[in-house]
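Report on the structure given below.
The values are calculated or read from the model by the stated rules, or taken from the named source; none is laboratory data. Bear in mind that the values here come from a model prediction, so they are computed numbers and not experimental data. Positions of Cβ are generated from backbone atoms using ideal geometry, with glycine treated the same way; all protein chains shown enter the neighbour counts. Surface accessibility is based on the protein's heavy atoms, side chains included, excluding ligands, DNA and RNA. Shrake-Rupley method; radii C 1.70, N 1.55, O 1.52, S 1.80 Å.
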Amino acid sequence: MLTEYLPFSGEKVAECLIEREGLLCKNWSYDYGVVWRGMEMLYALTGNKRYFDFILNALDGMIDEAGKPAGYSREAYNLDYLCIGRQLIFLYQQTEKGKFKEAAALLRSQLENQPRTSDGGFWHKKVYPFQMWLDGQHMAIPFYLQYEAAFGPDEKAQNDAAKQLILAYRHTLNPETGLPCHGWDEMKQQIWADPVTGRAEHAWGRAVGWYMVALVDSLELLPEENKHYSEVLEIFRMLSEKLLSIRQDGVWLQVMDCPGRIGNYLESSGSCLIAYALLKGARLRLLPKEYGPEAQKSFESIQRHFLCQMKNGEYFIAKCCQGAGLGGYTGRDGSFDYYISENVNSRDLKATGAYIQAACEEQLLREGKCGYGR
């Protein structure tokens, strides 16, 4: 881990990822979208076409001329599949290749028939009936709003997108901790669901990070005059205040609501996602002025705790929870013991992409810039 602040670290980490991974084109996978979003930001920040080509060359080969993405299934109604949609819109706007617009439209059409809870919340996946997860807010809602910004706008769709963020907060918030839990089961039947509230037991760090990114990215895309804008902004501000108050040496725990419990640990991906959201919130003036320096302190702590360099010069992110979920597989009961039992690794795409995004936002804030080309 680093002992001193490293400037321009997003580029350094991105270059190492490109060298290590090559093109990301094996699966239609949301973690690719997290990396590509970071590369998109780097391209806008630096003008280096290498980052643009890293996205274009991968997706160009994954989407046929009719706009059908390899590995995507609309019938699965999986919100994770929509994360890459933002890069499809980006590539269409940059290249005017029709297949990228067609692919984005196909993903957008999924939301027309996405199964919903009784009050209108998207199921996380068809195989997870009546369940809302914080993860899905990041995967779907910024894409939903970016699509409307690019090809609409449709006020009804914008209202629906904002409503998802609000419902997710209302259903997952634990009033005793002030933190949203990982998920909610409307039927209150899942092994992980509280039989009274339907909530999962704990606030998993990366899930909270996903939700924070969904909030700040959506606030950038949602018109201020939208009837739900002020409520979404208030949720973002309340959670930002809470998250700053529970930092552990500047970063965040794997299981946020269990500080001091044996086995809990500081986790990189959730920390990077939250830092990104706070940095961006400060840059866009969605948060009070004093949040900017605090968010920068957290980014510097992320470098100390998680950014590593090998003797050969390679930079990588360590201490990332490889994956965690609710139900569907044996043992995923939402307990503290479950969350700390999942594998922890280095060089994970989710943590790496989130770090690059946070690094871009930190650089913009440090340089006093209000935007990066949008």
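The accessible surface of segment 29-145, taken with every protein chain in place and a 1.4 Å probe, is 45 percent carbon and sulfur. Rolling a 1.4 angstrom probe over the protein heavy atoms with all chains in place gives the chain an accessible area of 39 Å² per residue. When +1 charges are put on Lys and Arg Cβ atoms and -1 charges on Asp and Glu Cβ atoms, the dipole computed for the chain relative to its Cα centre reaches about 300 debye.
Judged by the ratio a/c of the largest to the smallest principal axis of the C-alpha gyration tensor, segment 157-204 counts as oblate, that ratio being 1.5 or greater while a/b is no larger than b/c. Toward the positive end of the charge dipole of segment 61-195, with +1 on the Cβ of Lys and Arg and -1 on the Cβ of Asp and Glu, the farthest Cα among G121, F90, T172 is that of F90.
Run the accessible area of segment 282-351 with a 1.4 Å probe and give the carbon-and-sulfur part as a rounded percent.
With neighbouring chains kept in place, the figure for segment 282-351 is 46 percent.
At what distance in angstrom do the alpha carbon centres of segment 223-282 and segment 90-114 lie from each other? After rounding, the separation between the Cα centres reads 30 Å.
Couplings 3J(HN,Hα) of segment 328-338, computed from phi: x, 9, 4, x, 7, 9, x, 7, 4, 4, 5 Hz, in residue order, whole Hz [Karplus 6.51 cos²θ - 1.76 cosθ + 1.60, θ = phi - 60°; x for Gly and Pro]. Which of rounded, prolate, oblate describes segment 174-250, given a ≥ b ≥ c as roots of the alpha-carbon gyration tensor eigenvalues and a/c under 1.5 marking rounded, otherwise prolate only if a/b is larger than b/c? Oblate is the answer for segment 174-250, as a/c is 1.5 or above yet b/c matches or exceeds a/b. Net charge near L167, counting Lys/Arg +1 and Asp/Glu -1 over other residues with Cβ under 14 Å of its Cβ? So the surrounding residues net to -1. Shown here: Kirkwood radius over Cα pairs in Å, derived from the displayed model; of the candidates (1) 21.8; (2) 20.5; (3) 23.9, it corresponds to (2).
Summing +1 for each Lys or Arg and -1 for each Asp or Glu among the other residues whose beta-carbon sits under 10 angstrom from that of E15 gives 0.
Using the per-residue mean of other Cβ atoms lying within 10 Å as a proxy for protection, in what order, highest first, do the peptides 119-131, 209-221 fall?
Details: 119-131: 19.5, 209-221: 25.5.
In descending order of packing, they fall as 209-221, 119-131.
For the pair D60 and I246, what calculated FRET efficiency results from E = 1/(1 + (r/R0)^6), where r is the Cβ-Cβ distance and R0 = 51 Å, to the nearest 0.05? In this case the efficiency is close to 0.75. Gap in Å between the Cα centre of segment 172-205 and the Cα centre of segment 1-40? Measuring centre to centre over Cα atoms gives 32 Å.
Given just the C-alpha atoms of segment 68-223, how large is their convex hull per residue in cubic angstrom?
On the way: hull volume 17.2 nm³, N = 156.
It is 110 Å³ per residue.
For segment 66-79, 3J(HN,Hα) computed residue by residue from phi via the Karplus equation (6.51, -1.76, 1.60; θ = phi - 60°) reads 8, x, 9, x, 5, x, 9, 10, 5, 5, 6, 6, 9, 4 Hz, glycine and proline entered as x. Near G331: Cβ cut-off under 11 Å, other residues only, Lys/Arg at +1 and Asp/Glu at -1. The net charge is -2.
Pairs from the list K125/K297; K26/K97; K26/K319 with a Cα-Cα gap above 30 Å: K125/K297.
Ordered from largest to smallest accessible area (heavy atoms of protein chains, 1.4 Å probe), the residues E225, E201, E267 come out as E225, E201, E267.
How do 26-37, 303-314, 234-245 rank on mean C-beta neighbours within 10 Å, highest first?
Those peptides, ordered most packed to least, come out 26-37, 234-245, 303-314.
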